[in-house]
Amino acid sequence: MRKPLIAGNWKMYKTPKESLAFLEGFLPLIEGHTRDEIVLFPTMSSLGYVIDAAQGTNVRAGAQNMHWLNEGPYTSQTSPTMLVSIGCRHVLLGHSELRLYFNETYERVNLKLKAAINHGITPIVCVGELLAEREDLQTEETLRSQIRTALRNISPTEARRLVIAYEPIWAIGTGSTATPEVAAEAHTFIRHELAQCCGQQIADNTRILYGGSVKPENIASLMAQPEIDGALVGGASLVPTTFAQIVHYA
Ligand code: PEP
């Protein structure tokens, strides 16, 4: 059984005060909800506050990125040991906004993935094609290359806690969601690639989330697809009532 995971990526929004105000509104709305795992990804400046405020609830909080080393002369970076020290157990890796604007590569995602696994942090590795790649019928080739590079030298045992987020870049922040069928087709392909890299058992157990303009109006039809194990939600995760509606999809 793959327990569904609904994650909220807050990108570069919300001060610590605003993050805590979100929780105040959100926690009562999802109290006792155990069907899905719920993880928020605030900015680094809010992360410790959110982790502390969510203690003892059904909500977890993770980092939007991290370095793969424990310390060093890397201005602006946060290490896995630093995340663990504040109780952080989830990290987003390879988000398309990092790939597009900050030159993130899947070689680095691979190093970060290994580090996350070694530190007991659950990694959510983002993959997804550009619109031009989809139009050129290159979607599968792109996904294959992203997955194979990210998972290089990761053993099946190490891949046990891996989560993948399929986020077609043309659907992120654009309002145009992939249809449930298009998303499910990509998820099936990703699971097939996971089986090639890590074996069928890992592929069968790995949660694959869909991300890209998920809203209360489309979450139910996406989650009705057996291949879709949850969602990574950007814009619609910023408002407590909207995100709670997504968590409570029928
Ligand atoms: C995201 O940031 O991962 C995302 C999917 O954004 P949005 O839901 O706003 O498209």
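The values are calculated or read from the model by the stated rules, or taken from the named source; none is laboratory data. Remember, predicted model here, so these are calculated numbers, not experimental data. Positions of Cβ are generated from backbone atoms using ideal geometry, with glycine treated the same way; all protein chains shown enter the neighbour counts. Side chains included, ligands, DNA and RNA excluded: accessible areas come from the protein's heavy atoms. Shrake-Rupley method; radii C 1.70, N 1.55, O 1.52, S 1.80 Å.
Pick from Ala116, Ala224, Ala236 the residue whose mean-square fluctuation is largest in a GNM of the chain, springs joining Cα atoms under 10 Å.
Checking each option, the largest mean-square fluctuation is seen for Ala224.
Largest first, what is the accessible-area ranking of Thr105, Thr34 with a 1.4 Å probe?
Thr34, Thr105
State which entries of Lys3/Lys215; Lys17/Lys114; Lys14/Lys112; Lys11/Lys112 exceed 22 angstrom in Cα-Cα distance in the structure shown.
Lys17/Lys114; Lys14/Lys112
Under a no-solvent Debye model with one identical scatterer per Cα of the chain, what's log10 I(q)/I(0) at q = 0.07 Å⁻¹?
-0.21
For n ≥ 4 DSSP H runs only, could you compute -39500 (n - 2.57) per run for the chain, divide by its residues and tell me the 222 nm figure to the nearest 500?
-12000 deg cm²/dmol
Would you work out the relative contact order for the chain, in percent, from Cα pairs under 8 angstrom that are 6 or more residues apart?
Here the relative contact order equals 21 percent.
Collect residues whose amide H, placed 1.01 Å from N in the peptide plane, falls under 5 Å from the amide H of Ser79; neighbours closer than 5 in sequence don't count.
Residues meeting the criterion, in which the H sits 1.01 Å from N, are His67.
Sequence gap at least 6, Cα distance under 8 Å: using those rules, report the relative contact order of region 140-222 to the nearest whole percent.
43 percent
Could you order His90, His248 so the one with the most accessible surface comes first? Probe is 1.4 Å.
His248, His90
Just how much of His192 is accessible, in Å², when a 1.4 Å probe is used and the result is rounded to the nearest 10?
Counting only protein heavy atoms, the figure is 100 Å².
Would you mind working out the accessible area per residue for region 135-242, using a 1.4 Å probe, and quoting it in Å²?
Working: 4580 Å² over 108 residues.
Dividing the accessible area of region 135-242 by its residue count gives 42 Å².
With all protein chains present, calculate the accessible area of Tyr49 using a 1.4 Å probe and round the result to the nearest 10 Å².
Counting only protein heavy atoms, the figure is 120 Å².
Can you list the HN-Hα couplings for region 76-81, worked out from phi with the Karplus curve (6.51, -1.76, 1.60; θ = phi - 60°), rounded to whole Hz and with x for Gly and Pro?
Using θ = phi - 60°, the values come out as 5, 8, 10, 9, x, 5 Hz.
How big is the dipole moment of region 95-250 about its Cα centre under a simple scheme where the beta carbon of each Lys and Arg is +1, that of each Asp and Glu is -1, and everything else is neutral? Debye, nearest 20, please.
Dipole about the Cα centre, nearest 20: 660 debye.
On a 1.4 Å probe surface of the protein chains, which of Lys112, Lys215 comes out largest in accessible area, and what is the full order?
Lys215, Lys112
Roughly speaking, to the nearest percent, how much of the chain's 1.4 Å accessible area is carbon and sulfur?
Carbon with sulfur: 54 percent of the solvent-accessible area.
So what's the projected area for region 75-214, the Cα convex hull averaged over all directions, in nm²?
8.7 nm²
Where does region 1-56 land on Rg/Rh, using Cα atoms and the Kirkwood Rh?
Radius of gyration over Kirkwood radius for region 1-56 works out to 0.98.
Ignoring everything but the protein chains, give the 1.4 Å probe accessible area of Asp136 in square angstrom, nearest 10.
For Asp136, solvent-accessible area is about 100 Å².
Just round it to a whole percent: the fraction of Cα-Cα distances in region 15-125 exceeding 19 Å.
Values: 2862 of 6105 pairs.
It works out to 47 percent of all Cα pairs.
What are the ³J(HN,Hα) couplings of region 191-201, residue after residue, when phi is run through the Karplus curve with 6.51, -1.76, 1.60 and θ = phi - 60°? Round to Hz, x for glycine and proline.
Computed from phi, the couplings for region 191-201 are 5, 4, 5, 4, 4, 5, 7, 10, x, 5, 5 Hz.
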